[in-house]
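> One structure, pasted below without further comment.
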Ligand code: SAH
Ligand code: MG
């Protein structure tokens, strides 16, 4: 498995695929190992690198669904996943996560959000009815090159992404159904624990 992961890192570098960096990867692996999820959803497979990191730290009985929009990346992911020997636990869904999430039937106890940076809040909103109590939501790149937490105006081309990532962080920190910590690891990671529906009258 280590050799396959190293090959995937080389493939990603050669083909400019933005796979998770070492620091955030270590945090993701720790989070999965602590949670021992039975049902995982990954949004943004790319070539399956983080998928295999998650699978490697999950219980053998875990089911992992992962969504990728780009056909070429999904095809590469299928090959790598096959070679990992873990393909019986992993279902790769090809298409736009914003469209596919509402049709998902499962309930998830761990979600890794790592697809279109402007759509994180849309993904989470569509997932609200599909989370187990105490589900963990691990969102990557939430500080986006340091621009999200900067008092300075972002470059024009990143304005929308930055304001939408701020909207995501605002939601998961303010909404009483989530308890969230933001880590400056890698490009920024938000880990949120879903507390289920909270009765406002008792809080
Ligand atoms: N999680 C991967 C990296 C994902 S990179 C890893 O760390 O190994 C982000 C991926 O999200 C890209 O491959 C991109 O094609 C995909 N993506 C972007 N928008 C998407 C969407 N709307 N639905 C599904 N996948 C999307
Ligand atoms: Mg990422």
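> When the residues of region 161-175 are narrowed to those that are in contact (Cβ under 8 Å) with a residue 24 or more places away in the chain and touching a helix residue (DSSP H, G or I) at 6+ places or on another chain (Cβ under 7 Å), which ends up farthest from residue 125 (Cα to Cα)?
My answer is 161.
> Scan 100, 110, 82, 93 and give me the residue that is within 14 Å of ligand 1 (Cβ to nearest atom) and part of a helix (DSSP H, G or I).
Values: 110 fails: part of a helix (DSSP H, G or I); 82 fails: within 14 Å of ligand 1 (Cβ to nearest atom); 93 fails: part of a helix (DSSP H, G or I).
Selected residue: 100, the only one of 100, 110, 82, 93 that is within 14 Å of ligand 1 (Cβ to nearest atom) and part of a helix (DSSP H, G or I).
> I would also like to ask the following. Give me the residue from region 22-51 that is within 12 Å of ligand 1 (Cβ to nearest atom) and over 13 Å from the mean Cα position of the chain (by Cα) and, out of that set, farthest from residue 115 (Cα to Cα).
22
> Additional query: Which of the residues spanning region 128-143 are away from ligand 1 (no atom under 13 Å from the Cβ) and in contact with a helix residue (DSSP H, G or I) (Cβ under 6 Å, 6 or more places away or on another chain)?
Result: 136, 142.
> Sticking with this structure for a sec: Find all pairs meeting these conditions: Cβ atoms under 6 angstrom apart; at least six residues apart or on different chains; first residue within region 132-146 and under 11 Å from residue 191 (Cβ atoms) and within 11 Å of ligand 2 (Cβ to nearest atom); second residue assigned to a loop (DSSP other than H, G, I, E, B) and modelled with pLDDT of 95 or more.
140/114; 142/188
> For region 133-177, which positions are within 24 Å of residue 33 (Cβ to Cβ), modelled with pLDDT under 95 and surrounded by 14 or more Cβ atoms within 10 Å (Cβ to Cβ)?
Across region 133-177, there are no qualifying residues.
> Exactly one condition in (1) within 15 Å of the chain's Cα centre (by Cα); (2) within 16 Å of ligand 2 (Cβ to nearest atom); (3) not in a helix (DSSP H, G or I) is not met by residue 65; state its number.
Tallying (1) within 15 Å of the chain's Cα centre (by Cα); (2) within 16 Å of ligand 2 (Cβ to nearest atom); (3) not in a helix (DSSP H, G or I), residue 65 fails exactly one: (2).
> Starting from residues that are closer than 24 Å to residue 110 by Cα and within 12 Å of ligand 2 (Cβ to nearest atom), keep the ones in region 1-26 and report whichever is surrounded by the most Cβ atoms within 10 Å (Cβ to Cβ).
20
The values are calculated or read from the model by the stated rules, or taken from the named source; none is laboratory data. Just so it is clear, the structure is predicted and the values come from calculations on it, not from any experiment. Cβ sites come from the backbone with ideal geometry, for glycine too, and all protein chains shown count toward neighbours.
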